[in-house]
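Participant: Before I ask anything, let me first share the structure, which is written out below as structure tokens.
The values are calculated or read from the model by the stated rules, or taken from the named source; none is laboratory data. Just so it is clear, the model here is predicted, and its values are computed rather than measured. In this analysis, Cβ positions are derived from the backbone assuming ideal geometry, glycine residues included, and neighbour counts consider all displayed protein chains. Ligands, DNA and RNA are excluded from the accessible area calculation, which covers all protein heavy atoms including side chains. Shrake-Rupley method; radii C 1.70, N 1.55, O 1.52, S 1.80 Å.
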Amino acid sequence: MKEATITIPVIEAQYDELTETDRRLIDEARQATERSYAPYSRFHVGAAILLDNGETVTGANQENAAYPSGTCAERSACYYAHARYPEARFMAIAIAARGTDGLEVAEPISPCGACRQALLEYETLAGRNVRVILAGRDRIYILPSVRATLPLAFTEF
Ligand code: THU
């Protein structure tokens with residue numbers, strides 16, 4: 001028996017330290033929060049996925065009176081991206097959120113477990129790392145892959 005520690009690589013950055021491509025993707029995710037439908041939680045999440053065909057696809061959380069029927073921003077974006085451009089491979093995803101006060105959250109939010117699992121499958125399809133950019137007002141976290149967000153992931157497919 002032995003003890004092991006799993007670590008995940010993460011870069012902390014400020015907006016003005018990023019490349020124009022990353023900044024643009026964050027801008028798209030921030031704008032996508034405006035298209036969230038969140039009358040129940042009033043928590044507005046936006047996601048933007050950069051594809052290898054040059055297109056950017058966005059999504060936002062869509063809630064429903066039957067609560068479990070709602071969908072997170074990340075899954076709305078990744079399902080739409082693959083439905084719209086099935087041949088394209090994901091390159092990066094940016095995620096942003098606005099809280100109940102209407103302001104962007106100070107600390108970045110991170111995708112829920114179900115979204116990590118869904119995104120992981122598209123990373124596997126892409127055959128290369130899909131960078132994950134988590135934007136907050138105070139800092140931005142960049143992870144090199146979806147896999148990094150999901151240690152001990154289920155990958156039996
Ligand atoms: N939500 C997302 O869209 N993405 C996340 O990463 C976390 C949570 C949504 C689900 C729900 O509509 C609202 O935020 C509050 O949980």
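Participant: May I ask you to say which residue of 113, 127, 59 is within 15 Å of residue 43 (Cα to Cα) and modelled with pLDDT of 95 or more?
Facilitator: Details: 113 fails: within 15 Å of residue 43 (Cα to Cα); 127 fails: within 15 Å of residue 43 (Cα to Cα).
None of the other options fit; the residue is 59.
Participant: Mind checking whether some residue in the range 14-28 is surrounded by 12 or more Cβ atoms within 10 Å (Cβ to Cβ), closer than 21 Å to residue 114 by Cβ and within 17 Å of the chain's Cα centre (by Cα)?
Facilitator: The answer is no, given that none of the residues of the range 14-28 is surrounded by 12 or more Cβ atoms within 10 Å (Cβ to Cβ), closer than 21 Å to residue 114 by Cβ and within 17 Å of the chain's Cα centre (by Cα).
Participant: Tell me the residue from 94, 88, 106 that is among the hydrophobic types (A, V, I, L, M, F, W, C), under 16 Å from residue 52 (Cα atoms) and free of Cβ contacts under 8 Å to residues at least 40 places away in the same chain, please.
Facilitator: 88
Rundown of residues vs (1) within 22 Å of residue 14 (Cβ to Cβ); (2) among the small types (Gly, Ala, Ser), yes/no style:
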{"position": "73", "(1), (2)": "no, yes"}
{"position": "77", "(1), (2)": "no, yes"}
{"position": "96", "(1), (2)": "yes, yes"}
{"position": "120", "(1), (2)": "no, no"}
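Participant: Any residue at all in the range 38-49 that is under 23 Å from residue 137 (Cβ atoms), aromatic (Phe, Trp, Tyr) and modelled with pLDDT of 95 or more? Full working, then the answer.
Facilitator: Initially, the range 38-49 is screened for residues under 23 Å from residue 137 (Cβ atoms), giving 38, 41-49.
With aromatic (Phe, Trp, Tyr) added as a condition, the list becomes 43.
Of the ones still in play, those that are also modelled with pLDDT of 95 or more are 43.
Yes: the range 38-49 contains one or more residues that are under 23 Å from residue 137 (Cβ atoms), aromatic (Phe, Trp, Tyr) and modelled with pLDDT of 95 or more.
Participant: Do we find that residue 73 is touching a helix residue (DSSP H, G or I) at 6+ places or on another chain (Cβ under 8 Å), without any contact (Cβ under 8 Å) to a residue 60 or more places away in the chain, within 16 Å of the ligand (Cβ to nearest atom) and not aromatic (Phe, Trp, Tyr) in this structure? Give the steps one after another, and end with the answer.
Facilitator: Numbers: touching a helix residue (DSSP H, G or I) at 6+ places or on another chain (Cβ under 8 Å): yes; without any contact (Cβ under 8 Å) to a residue 60 or more places away in the chain: yes; within 16 Å of the ligand (Cβ to nearest atom): yes; not aromatic (Phe, Trp, Tyr): yes.
Taking the combined requirement at face value, the residue satisfies it.
Participant: Please work out which residue is most open to solvent (accessible area, probe 1.4 Å), limiting yourself to the range 36-50 and to residues that are within 12 Å of the ligand (Cβ to nearest atom) and under 18 Å from the mean Cα position of the chain (by Cα). Even if it seems obvious, please write down each step before you answer.
Facilitator: Keep residues of the range 36-50 that are within 12 Å of the ligand (Cβ to nearest atom), which gives 36-47.
From the residues that got through so far, the ones that are under 18 Å from the mean Cα position of the chain (by Cα) too are 36-38, 43-47.
Working: 36: 19, 37: 112, 38: 6, 43: 68, 44: 39, 45: 13, 46: 0, 47: 0 Å².
That would be 37.
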